[in-house]
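None of the figures in this text is laboratory data; all of them are computed from the coordinates on show. Everything numeric here is computed off the predicted structure, so don't read it as measured data. Every residue, glycine among them, receives a Cβ derived from its backbone with ideal geometry; neighbour counts consider all protein chains shown.
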Amino acid sequence: MSGRLHARGTERVHKNVWLEFARLAADYKAVNLGQGFPDFSPPEFVQDAFCKAVSGGHQMHQYTRPFGHPPLVHILAKFFGRIVGREIDPLEDVLVTVGAYQALFCAFQALIEEGDEVIIVEPFFDCYQPMVKKAGGKPVYVPLRPVSGDGSAVPSSGDWVLSPEELASKFTPRTKAVVINTPNNPLGKCYRLEGNAVSHIMWFPATC
Ligand SMILES: Cc1ncc(COP(=O)(O)O)c(C=O)c1O
């Protein structure tokens, strides 16, 4: 045992930006746009479904299949199969997680080896960088760049483009993954994958 309490990997990870934003917003009584605080309830049918789900007796309060509740993975496979245009095996290809943080963390931990490079498109949601570093990987950045129009059109997130040449220039023999977040947070830009929109694509090229 090293006598050290925290794992070495945590030293590559710095302060979480949300802690800083939340504290500053509270200190200065500013509107906190970093976190959603809806002032309305979820739709009635969602609340009803929730009540129904937790009122089904003891059978509704058991451990379920760890990779995802069977009825849920079947519906997800059907829904996303239509979106990505291929058959998805609900019991092999679907993993239900508690939010995107958990999904991303598991994916980086499972797939990134020490020294692997992960290409991240800028601007990006803050958690990709620390998660890659914690897994021992090296983030490599490629920016979305604004296209300059003649100024007549209303600016939109579509004005930000990813140059295929610039992206290609970032690949090295250590490249293991490309993280594409669509719609992009913070820009709202949507990428197209064979004409369809997808939320997080972690594209893992063949290991070199
Ligand atoms: C792009 C992006 N990735 C990851 C997350 C984290 O998602 P979750 O709260 O579902 O874990 C968010 C949350 O807003 C996000 O916008």
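Would you mind getting me the FRET efficiency between Q59 and D93? Use the beta-carbon distance for r and R0 = 41 Å, nearest 0.05.
Efficiency, from the Cβ-Cβ distance: 0.90.
According to the square roots a ≥ b ≥ c of the eigenvalues of the Cα gyration tensor, what is the shape class of the chain, taking rounded for a/c under 1.5, prolate for a/b larger than b/c otherwise, and oblate for the remainder?
rounded
Using DSSP to define loop residues, name the GluC sites (Glu not before Pro) in the stretch 103-150 whose beta-carbon has at most 14 other beta-carbon atoms within 10 Å.
Loop-located and lightly packed - E113, E114.
In nm, to one decimal, how far is the modelled label at S169 from the one at K52, with both set 7 Å along Cα→Cβ?
Here the answer is 5.5 nm between the modelled labels.
Give me the extension gain from V140 to H6: residue separation times 0.36 nm, minus the current Cα-Cα distance, reported in nm with one decimal.
Numbers: separation 134, 0.36 × 134 = 48.24 nm, distance 2.60 nm.
This chain segment gains 45.6 nm when fully extended.
Where a Cα-Cα gap under 22 Å defines reach, which lysines qualify for K133, not counting those fewer than 8 residues away within the same chain?
Filter leaves K15, K170, K176.
Aspartates and glutamates near K189 by alpha-carbon distance under 17 Å, same-chain residues fewer than 8 away left out - which ones?
E122, D126, D159
Can you pull out the trypsin sites (Lys or Arg not before Pro) in the stretch 70-140 that DSSP calls coil and that have at most 13 other Cβ atoms within 10 Å?
Here the trypsin sites (Lys or Arg not before Pro) that fit, given the DSSP loop and packing criteria, are R86.
From the phi angles alone, apply the Karplus equation (6.51, -1.76, 1.60; θ = phi - 60°) to the stretch 61-76 and give each ³J(HN,Hα) in whole Hz, x where the residue is Gly or Pro.
Per residue, the Karplus-derived 3J(HN,Hα) values read 10, 10, 4, 10, 4, x, 7, x, 4, x, x, 5, 5, 5, 5, 4 Hz.
Would you compute, from DSSP H runs of 4+ residues alone, the mean residue ellipticity of the chain at 222 nm, taking -39500 (n - 2.57) per run and dividing by the full residue count, rounded to the nearest 500?
One gets -9000 deg cm²/dmol as the mean residue ellipticity at 222 nm.
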